[in-house]
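Peer 1: The following block contains the structure, expressed as structure tokens.
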Amino acid sequence: MPRMTRPLVLEWVRDPGGVWNVPTTEMARLAAAFPGARFASPATREEAEALLPETDAVFGYLVRPHNLASAAKLRWIHSPAAGVTGLLFPELAASAVTLTNGRGLHARSMAEHALALMLAIARQLPASRDRQREGRWDQVGQWHTAPGFLELAGATLGLVGFGETGKGVATLGKALGMRVLTVRRRPGSDPGPADEQWGTERLGELFAQSDWIVMTAPQTAATVKLVGAELLARMKPTAYLVNLARGALLDEGALLAALDAGQLAGAALDVFETEPLPAGHALWAHPRVVVTPHVGGVGPRYWERACDQFGANLARFLAGEPLFNVVDQRAGY
């Protein structure tokens, strides 16, 4: 009787900057943990696509409309990121291929990043850094600069999106004494760790009541340009907006206009409509905007955790068991 061929797992996560590449040590760890599977990490896209006809599972972003038809054995694609926009094309949705993602993987880092941005603004750290660079001691100036120093305790935190990252932000906000509200598509009967969960019909109310808005919702057809002039106009002039979700969720032109009109006090942005943020873009130099270069999800053990998560699902895949973090390809997350 012929011996069955071991399933082939094809890794294809390639980032020109090197930040988002899977370390070879992590792939070696997976291969050692799963001797019942074969692993391939091709050097070029051409080599990777040549392996697609015999591939059972893809770890990464190789599969696109032009090559899906060649992947005759493919049963599973896993994205190590939570966002799967590039993988959601009609041909894949119509196929029998299961798509999973890294939901929850970034929650700790992103929640801490959100809190760091909020505390930095509340304690005027960007202004202090600017003065340090100038060698200028300006206690009086910072004291008198509106809106002055802020306290997070007692403030209202509004969350747009309440997945694992949103829950992480809520937990940290509650620890600092904040009132936490959230809007989500399907509010739960237990709002925890938020104080209240509202349906999307109350999004405008969320913006009107909150001192801090933190965006963590996924990018879908329904959330593109979700936050524009209408919602920004509902904000308090003393409120701040933090976007850790995706740049496509926020209308940057509307944000700049709202900032210049004094409709909100400021913004902290980790994601942008175009990345990298183009040189000369108005957000770079805006005095009431803090820019970070899409690093909210980066942490010291990112790839270790990503491969642990993939490995847990791979064990299920090889055993013929249901996978977790399955993406609803119609909903987009």
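The values are calculated or read from the model by the stated rules, or taken from the named source; none is laboratory data. Bear in mind that the values here come from a model prediction, so they are computed numbers and not experimental data. Positions of Cβ are generated from backbone atoms using ideal geometry, with glycine treated the same way; all protein chains shown enter the neighbour counts.
Peer 1: Can you find, within the stretch 1-59, the residue that is surrounded by the fewest Cβ atoms within 10 Å (Cβ to Cβ) among those that are closer than 24 Å to ALA82 by Cβ and of a type in the set (Asp, Glu)?
Peer 2: Among those residues, the one meeting the criterion is ASP15.
Peer 1: Confirm whether VAL295 is within 26 Å of VAL227 (Cβ to Cβ), β-branched (Val, Ile, Thr) and in contact with a Pro (Cβ under 9 Å, 6 or more places away or on another chain).
Peer 2: Criteria not met by VAL295.
Peer 1: Could you list, in sequence order, all residues of the stretch 275-312 that are without any contact (Cβ under 8 Å) to a residue 24 or more places away in the chain, under 20 Å from THR216 (Cα atoms) and among the hydrophobic types (A, V, I, L, M, F, W, C)?
Peer 2: Filtering the stretch 275-312 for residues without any contact (Cβ under 8 Å) to a residue 24 or more places away in the chain gives 276-281, 284-285, 287, 291, 293, 300-301, 308, 312.
Keeping just the survivors that are under 20 Å from THR216 (Cα atoms) gives 276-277, 291, 293.
Of everything in the stretch 275-312, those that are without any contact (Cβ under 8 Å) to a residue 24 or more places away in the chain, under 20 Å from THR216 (Cα atoms) and among the hydrophobic types (A, V, I, L, M, F, W, C) turn out to be LEU277, VAL291.
Peer 1: If you don't mind, there's one more thing I want to ask. Pairs only if they're at least six apart or on different chains, beta carbon under 6 angstrom, first in the stretch 145-168 and within 15 Å of ALA120 (Cα to Cα), second buried (at least 21 other Cβ atoms within 10 Å of the Cβ); list them, first residue then second.
Peer 2: LEU152/MET178
Peer 1: A follow-up question, please. Answer with yes or no whether THR238 is in contact with a Pro (Cβ under 7 Å, 6 or more places away or on another chain), farther than 28 Å from GLY102 by Cα and of a type in the set (S, T, N, Q).
Peer 2: Values: in contact with a Pro (Cβ under 7 Å, 6 or more places away or on another chain): yes; farther than 28 Å from GLY102 by Cα: yes; of a type in the set (S, T, N, Q): yes.
It is true that THR238 is in contact with a Pro (Cβ under 7 Å, 6 or more places away or on another chain), farther than 28 Å from GLY102 by Cα and of a type in the set (S, T, N, Q).
Peer 1: Quick check on the stretch 13-28. Is at least one of its residues basic (Lys, Arg) and closer than 30 Å to THR223 by Cα?
Peer 2: yes
Peer 1: Can you pull out the residues in the stretch 157-183 that are farther than 24 Å from GLY83 by Cα and under 17 Å from the mean Cα position of the chain (by Cα)?
Peer 2: Matches in the stretch 157-183: none.
Peer 1: Additional query: Among the residues of the stretch 206-214, is any within 16 Å of GLY83 (Cα to Cα) and in contact (Cβ under 8 Å) with a residue 40 or more places away in the chain?
Peer 2: The answer is no, given that none of the residues of the stretch 206-214 is within 16 Å of GLY83 (Cα to Cα) and in contact (Cβ under 8 Å) with a residue 40 or more places away in the chain.
Peer 1: Only one of (1) in a helix (DSSP H, G or I); (2) under 30 Å from THR216 (Cα atoms) is not met by ALA48, so which one is it?
Peer 2: Failing condition for ALA48: (2).
Peer 1: Sticking with this structure for a sec: For the stretch 126-148, enumerate the residues that are over 18 Å from LEU264 (Cβ atoms) and of a type in the set (A, V, I, L, M, F, W, C).
Peer 2: If we filter the stretch 126-148 for residues that are over 18 Å from LEU264 (Cβ atoms), which is where we start, we get 128-144.
Within the stretch 126-148, TRP137, VAL140, TRP143 qualify.
Peer 1: Mind listing just one residue for me: the one in the stretch 231-279 that is in a helix (DSSP H, G or I) and within 17 Å of the chain's Cα centre (by Cα) and, of those, farthest from GLY17 (Cα to Cα)?
Peer 2: Of everything passing the filter in the stretch 231-279, LEU249 is farthest from GLY17 (Cα to Cα).
Peer 1: Now for a different question. What about ARG136, is it closer than 23 Å to LEU231 by Cα and touching a helix residue (DSSP H, G or I) at 6+ places or on another chain (Cβ under 9 Å)?
Peer 2: Answer is no for this residue.
Peer 1: What are the residues in the stretch 51-78 that are under 18 Å from LEU314 (Cα atoms) and over 29 Å from the mean Cα position of the chain (by Cα), if any?
Peer 2: Within the stretch 51-78, GLU54, LYS73 qualify.
Peer 1: A further question follows. Considering each of VAL19, VAL63 in turn, give the residue that is within 30 Å of PRO293 (Cα to Cα), touching a residue at least 40 places away in the same chain (Cβ under 8 Å) and part of a loop (DSSP other than H, G, I, E, B).
Peer 2: VAL19
Peer 1: Got a number for residues in the stretch 203-221 being over 20 Å from the mean Cα position of the chain (by Cα) and not in a helix (DSSP H, G or I)?
Peer 2: Counting residues in the stretch 203-221 that are over 20 Å from the mean Cα position of the chain (by Cα) and not in a helix (DSSP H, G or I) gives 2.
Peer 1: Do we have GLY296 as at pLDDT 95 or above and in contact with a His (Cβ under 8 Å, 6 or more places away or on another chain) here?
Peer 2: yes
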